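A short worksheet on the structure shown next.
Just so you know, all these numbers are worked out from the coordinates, no wet-lab data involved. Note that the structure is predicted; figures quoted are calculated from it, not measured. With ideal geometry, Cβ positions are generated from the backbone for all residues, glycine too; neighbour counts draw on all protein chains shown.
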Amino acid sequence: MKLPDKFTENMKTILKDEYEDFIKSYDERRLYGLRINTLKISCEEFERIAPFEIKKIPWIPNGYYYDESAQPSKHPYYHAGLYYLQEPSAMTPASRLPVNEDEAVLDLCAAPGGKATELGAKLGGTGVLVANDISSSRAKALLKNIELFGIRNPFVVSENPAKLSSYFEGFFDKILLDAPCSGEGMFRKDPSVIKNYEAGDTSYYEKLQREIMIPAVNMLKPGGMLMYSTCTFSPGENERQIEYMLKKFPDLELVCMEGYEGFDCGHPEWAKGDEGLRKCVRIWPHKMEGEGHFLALVKKRGGESMPGPVLSYGTFDGSLKKKLEYFYEFIKKLDWDIDEARLELRGERLFYMPKLLGKLTGMRFLRNGLYMGDILNKRFEPSQALAMAIKPGEYAETISLGRDDIRVIKYLKGETIEISKDEDAYSGIRLLCVDGYPLGWGKLNNGILKNKYHSGWRLM
């Protein structure tokens with residue numbers, strides 16, 4: 001691989017005796033990883049049913065290597081949201097941010113969703129996951145992955161971090177800031193990054209990172225924790241940024257995170273010598289089976305929390321309950337404990353709001369709450385997002401096909417499929433599953449299942 005001259009010169013300067021080993025790593029093949037969605041399946045169960053060979057990533061509890069030839073994105077289990085395809089080192093920041101149930105969590109630069117989906121899995125449907133990306137097109141991809149993973153408590157937004165901060169000052173228990181960076185650590189994974197690197201300058205990213213960092217810290221509540229990460233090696237985007245953050249915000253302190261034998265520490269000598277920077281983590285491709293990454297975990301010292309946004313769900317009255325008559329008929333088949341106060345009807349669309357978040361006006365968001373479905377004339381039409389949020393055994397009327405059944409692929413392509421009387425002899429809305437894991441809805445009538453799979457998700 002032909003690496004940029006300015007990159008190799010910089011790496012020679014900082015790595016010294018390790019430089020040759022580092023450069024040799026670029027001649028090795030890149031590694032591929034997937035992360036199990038623990039909202040839907042345990043690692044032990046996935047290991048039992050895995051349709052291709054996998055190998056444990058030793059520092060990620062739910063991470064596995066796979067061979068490129070396996071093509072896991074084409075398998076029905078991918079479309080059931082059982083795993084997310086992610087570079088192994090990139091799994092580390094969300095893995096090392098200690099998220100607990102019922103917390104308010106923010107992924108500030110979240111698209112396409114690799115880290116946000118893991119944070120949502122850790123919340124387990126409790127609290128709220130705010131996933132933001134300033135690019136509206138990237139935010140659409142983020143929303144799909146959030147819904148595919150079955151996350152029930154999302155607020156997916158596309159806003160400038162400074163504007164978010166005006167709404168959420170001192171609100172979040174945990175924040176992940178995977179900062180835009182020069183991408184030096186991704187050259188082997190994606191050689192196209194090299195062109196952007198050669199055309200740009202790391203100083204651009206250093207300025208941008210500080211602009212994002214300031215509102216991020218302002219949104220952290222006292223006692224809360226923020227994970228800063230990049231996929232680059234540049235000290236100016238890593239150690240020196242943390243040094244700047246700690247100086248600007250004296251109420252922050254670096255904290256240690258769970259280690260691994262292959263992790264390198266931060267390097268004070270690449271900044272102004274603060275020994276506390278050794279609590280940062282560097283991942284090098286010549287020391288680990290993954291690409292380059294940098295992580296720093298900071299905690300805001302105690303004090304009184306800000307009140308956060310004003311929460312309001314609207315009025316749940318008798319007239320709304322009457323409108324939801326057919327929804328209530330539908331959920332008799334769904335083993336969920338629905339809190340009526342969190343239901344919100346917007347036109348025909350019904351949403352189940354996160355417990356910690358109500359109406360927020362003036363923000364550009366793609367989703368606030370779990371989209372349950374549409375209230376139409378004398379019927380409730382359940383959504384794709386609801387199908388993906390249902391776990392095996394929670395819905396009474398399902399049809400489950402085996403992963404090798406050709407009808408599974410036909411369904412994912414949007415085709416009508418036949419169902420024998422032995423499989424289901426009745427009529428009505430069905431949740432179609434693969435090996436018990438939901439894929440989407442269909443309407444069964446006389447042995448024909450009319451396809452209700454989301455048109456934008458269908459296989460080509």
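Worth pointing out:
- Cβ-defined net charge surrounding Q209, 15 Å radius [Lys, Arg +1; Asp, Glu -1]: -3
- Think of it as helices only: each DSSP H run of n ≥ 4 in the chain is worth -39500 (n - 2.57), and spread over all residues that comes to -7500 deg cm²/dmol at 222 nm.
- In degrees, nearest ten, helix 239-248 long axis to first principal axis of the chain (Cα): 80
- Extents of the stretch 162-247, largest first, come to 40, 23, 20 Å (Cα atoms, principal axes, whole angstrom).
- Of all lysines in the structure, the ones whose alpha carbon falls short of 16 Å from that of K299, not counting any fewer than 8 places away in one chain, are K174, K221, K247, K248, K279.
- Spin-label model distance (nm) - K391 vs T8, 7 Å beyond Cα toward Cβ: 5.3
- Using the Cβ-Cβ distance between S42 and K333 with R0 set to 35 Å, the FRET efficiency works out to roughly 0.85.
- Angle between the chain longest axis and helix 114-123 axis [Cα atoms, degrees, rounded to 10]: 60
- Distance histogram for the chain (every C-alpha pair counted, 20 angstrom bins, percent rounded to whole numbers): 24, 53, 22, 2
- Whole-angstrom gap from the stretch 26-53 to the stretch 431-460, using each part's C-alpha centre: 25
- The stretch 25-31 - phi-based ³J(HN,Hα) in whole Hz, Karplus 6.51/-1.76/1.60, Gly and Pro as x: 5, 6, 8, 8, 6, 6, 10
- Rounded to whole Å, sorted largest first: equivalent-ellipsoid semi-axes of the stretch 62-117, Cα gyration tensor: 24, 13, 11
- Neighbourhood net charge (14 Å Cβ-Cβ; Lys/Arg +1, Asp/Glu -1) for A271: -1
- Using alpha-carbon coordinates, inclination of helix 136-148 to the longest axis of the chain, degrees: 60
- Packing-based ranking, highest mean first, of 378-390, 424-436, 109-121, 264-276 given that Cβ atoms within 10 Å are counted: 109-121, 378-390, 424-436, 264-276
- Couplings 3J(HN,Hα) for the stretch 259-273, derived from phi with the Karplus relation 6.51 cos²θ - 1.76 cosθ + 1.60 (θ = phi - 60°), are x, 7, 4, x, 5, 9, 8, x, 10, x, 5, 8, 10, 9, x Hz, where x marks Gly and Pro.
- Close amide H partners of I399, meaning residues 5 or more places away or on another chain with modelled amide H under 5 Å apart, are L431, L432, C433.
- Residue-by-residue Karplus 3J(HN,Hα) for the stretch 329-334, coefficients 6.51, -1.76, 1.60, Hz, glycine and proline x: 5, 5, 6, 4, 8, 10
- Whichever lysines have a C-alpha closer than 26 Å to that of K421, once near sequence neighbours (fewer than 8 apart) are set aside: K332, K333, K391, K410, K413, K443, K450, K452
- Each part reduced to its alpha carbon centroid, the stretch 151-193 and the stretch 75-89 end up 21 Å apart.
- Rg followed by Dmax, in Å, when the stretch 397-460 is reduced to its Cα trace: 10.5, 31
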